[in-house]
Amino acid sequence: MTEHDRRMGGLSRRGLLQGATALGAAGLILPASVRRAAAEPKKGGILRLAQASGSTTDSSDPATWDSQFVQVLHTARCAYLTEIAPDHSLVGELAESWEASADAATWTFKLREGVTYHSGKTMTADDVIASINHHRGEDSKSAAKPIVDPIVDIKADGPNVVIFTLNAGNADFPFIMSDYHLPILPSADGKIDPTSNDGCGAYVIDAWEPGVSASLTRNPNYWKEGRAWFDGIEMNVIHDAAARQNALITGEVDVIDPVDLNTVGLLQRAPGIVILSTTGTQHYVFPMDTRAAPFSDNNVRLALKYAVDRQEMVDKILQGYGSVGNDHPIGPSNRFYNADLEQRTYDPDKAKFHLKEAGMDSLTVQLSAADAAFSGSVDAAVLYSEKAAAAGITIEVVREPNDGYWDNVWMKKGWTASYWGGRPTEDWMFSTAYASGAPWNESFWENERFNELLAAARSELDEDKRREMYYEMQAILSNEGGTVVPMYASYVMAMTDKVAHDEQVAANWTLDGFRALERWWFA
């Protein structure tokens with residue numbers, strides 16, 4: 001994720017608890033009604049993809065995956081228990097169905113039968129256990145360790161059933177199994193081989209030079225119907241935005257990700273080029289250390305929230321590719337998004353009011369930013385500073401070095417720029433970045449009521465009751481939290497008009513939720 005590894009889904013209670021076997025199966029076959037009418041899928045061709053991310057330190061070990069290059073590469077190689085569909089719902093992938101105990105602390109997954117790995121080995125419950133256990137334990141260095149820590153036991157009930165026991169109820173547990181760190185891999189003697197490129201996904205890795213390129217061919221025994229249309233894939237790392245864009249214009253590649261928003265207008269005018277933009281859970285933020293003055297005073301925090309022109313940031317920093325935020329991390333694509341919460345807007349007078357409530361006539365603060373935090377973050381900080389001046393607030397923008405930003409600035413200095421790819425569920429996002437004591441609670445914010453609601457909502461299986469709690473939590477964060485959330489950033493990609501995809505494209509991650517390689521095709 002290139003976010004220090006920090007950093008969706010409409011499903012009914014009945015569907016979540018029972019796993020909806022029919023949905024789990026049918027959800028893998030996207031109906032013709034949602035496909036672009038002039039672009040019925042067909043097999044063939046080699047898709048050439050250029051990405052900005054990718055490192056020479058990338059590995060096959062799922063515990064280490066952090067760049068989007070490896071996330072896309074290995075999502076094509078592997079499969080997961082569950083999958084987030086383009087419409088943001090949760091469907092079964094290797095899991096055919098699932099159901100919970102009454103307290104949501106025990107989850108039973110029934111696996112699809114007859115799924116084989118590229119090596120020919122059949123996928124079984126033992127592989128699921130070994131794959132998840134790879135991230136568990138006191139000595140685990142996996143980025144997924146925090147989300148699997150609540151698992152206290154995993155056991156098989158025959159070759160095609162896995163039972164998970166949690167330390168407490170979690171109504172969203174099936175969503176967690178879709179995390180890109182948790183592919184199901186072949187095992188031997190209770191362990192997976194983290195150096196192997198074997199998998200049961202749509203494509204087989206033929207060659208891979210970390211940080212440079214990879215080539216893949218279609219899995220001839222792929223078990224999903226209506227997926228894996230390309231004969232092969234060529235993936236390339238092109239860090240330079242101009243070079244990446246030029247490669248698309250000259251026909252050297254078919255898809256680039258991401259597009260430089262400063263030059264997206266040039267691509268829009270280029271013949272045969274299509275811009276694809278999806279807005280989901282990715283958001284740009286300015287967290288402040290609420291443990292220390294002046295940020296320990298909520299009136300100061302509110303003054304700063306009213307001093308930012310959110311729409312201007314979307315227009316100028318995101319070039320319109322995004323939407324305004326409301327000082328909490330839950331976006332419109334989330335299941336329990338609070339659309340009733342009043343949208344905060346730029347209001348210098350209200351900012352001045354809250355400064356006076358804090359006993360201040362003016363305020364001077366420093367805001368650290370670097371493009372390592374998010375592209376355009378320094379410019380965003382400058383825009384923030386210019387608008388805040390009308391409220392008597394002086395924001396001194398500190399341009400920090402990109403190198404070492406996450407180690408030396410983020411969560412070290414009082415007010416910084418940051419970003420999140422978001423998480424598929426409200427609990428997941430809140431627990432990662434806002435819960436008391438969470439390692440990545442970047443604002444060091446503490447709120448007793450918020451934490452009470454977080455624990456209660458996690459194990460609540462009644463959707464209406466959960467909705468009420470999550471609505472209240474969003475309001476608490478917006479009005480009392482220590483993070484300014486000015487905007488949601490779209491994932492912006494570009495491709496030749498020969499590349500086709502379904503009308504609805506997943507927005508939980510870029511490139512169709514990291515699944516473009518198996519979902520897209522050549523028209």
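Quick note: the coordinates plus some simple rules give every number you see, no bench work behind them. None of these values were measured; they are calculated from a predicted model. We place every Cβ from the backbone using ideal geometry, glycine too, and count neighbours over all the protein chains shown.
One table, with the values for the structure above:
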{"item": "Pairwise centroid distance, computed over Cα atoms, of region 346-412 with region 301-333, Å", "result": "14 Å"}
{"item": "Built amide H within the under 5 Å cut-off of V499, gap 5+", "result": "A523"}
{"item": "Modelled FRET efficiency - R0 25 Å, A339 with I163, Cβ distances, 0.05 increments", "result": "0.10"}
{"item": "Extension gain from D497 to D371, taking 0.36 nm per residue of separation minus the Cα-Cα distance", "result": "42.3 nm"}
{"item": "Nonlocal Lys pairs with alpha-carbon distance under 18 Å, region 283-489 (8 or more apart, or different chains)", "result": "7"}
{"item": "Region 283-489 - Rg (one decimal) and Dmax (whole number), Cα, Å", "result": "16.2, 48"}
{"item": "Cut-off under 5 Å, modelled amide H: who pairs with T394 long-range", "result": "L363, T364, V365"}
{"item": "Against the rule of thumb 2.2 N^0.38 Å, how large the Cα Rg of region 453-500 comes out", "result": "1.87"}
{"item": "Label-point separation, T106 to K155 (7 Å along Cα→Cβ), nm", "result": "0.9 nm"}
{"item": "Cut-off under 5 Å, modelled amide H: who pairs with A79 long-range", "result": "I184, C200, G201"}
{"item": "Binned Cα-Cα distance frequencies in region 159-223 - 5 Å width, integer %", "result": "3, 11, 16, 21, 20, 13, 8, 6, 2"}
{"item": "Backbone HN-Hα couplings from phi across region 153-163 [Karplus 6.51/-1.76/1.60, Hz, Gly and Pro as x]", "result": "7, 10, 9, 9, 10, x, x, 10, 9, 10, 10"}
{"item": "Rounded to the nearest 20 debye, dipole of the chain from Cβ charges on Lys, Arg, Asp, Glu", "result": "720 debye"}
{"item": "Share of Cα-Cα pairs in the chain lying beyond 46 Å, as whole percent", "result": "11 percent"}
{"item": "Trypsin sites (Lys or Arg not before Pro) within region 443-523: DSSP coil, no more than 16 neighbouring Cβ in 10 Å", "result": "K498"}
{"item": "Whichever lysines have a C-alpha closer than 18 Å to that of K121, once near sequence neighbours (fewer than 8 apart) are set aside", "result": "K191, K224"}
{"item": "Angstrom value of the Kirkwood radius, inverse mean 1/r, which spans all Cα pairs in region 368-464", "result": "15.5 Å"}
{"item": "Shape parameters for region 47-133, alpha-carbon atoms, Rg then Dmax in Å", "result": "15.6, 48"}
{"item": "Kirkwood-based shape ratio for region 159-308, expressed as Rg/Rh from alpha carbons", "result": "1.08"}
{"item": "Charge dipole of the chain about the Cα centre (unit charges at C-beta), most positive-ward option of L363, P401, I205", "result": "I205"}
{"item": "Whichever aspartates and glutamates have a C-alpha closer than 13 Å to that of K498, once near sequence neighbours (fewer than 8 apart) are set aside", "result": "E40, D254"}
{"item": "Where N is the number of residues in region 185-274, Cα Rg divided by 2.2 N^0.38 Å", "result": "1.42"}
{"item": "Antiparallel bridge percentage (DSSP; both residues within the chain; nearest 5)", "result": "75 percent"}
{"item": "Highest-first arrangement of 138-149, 283-294, 102-113, where packing means the average Cβ count within 10 Å", "result": "283-294, 102-113, 138-149"}
{"item": "Relative contact order (%) - region 283-489, alpha-carbon pairs under 8 angstrom, separation at least six", "result": "37 percent"}
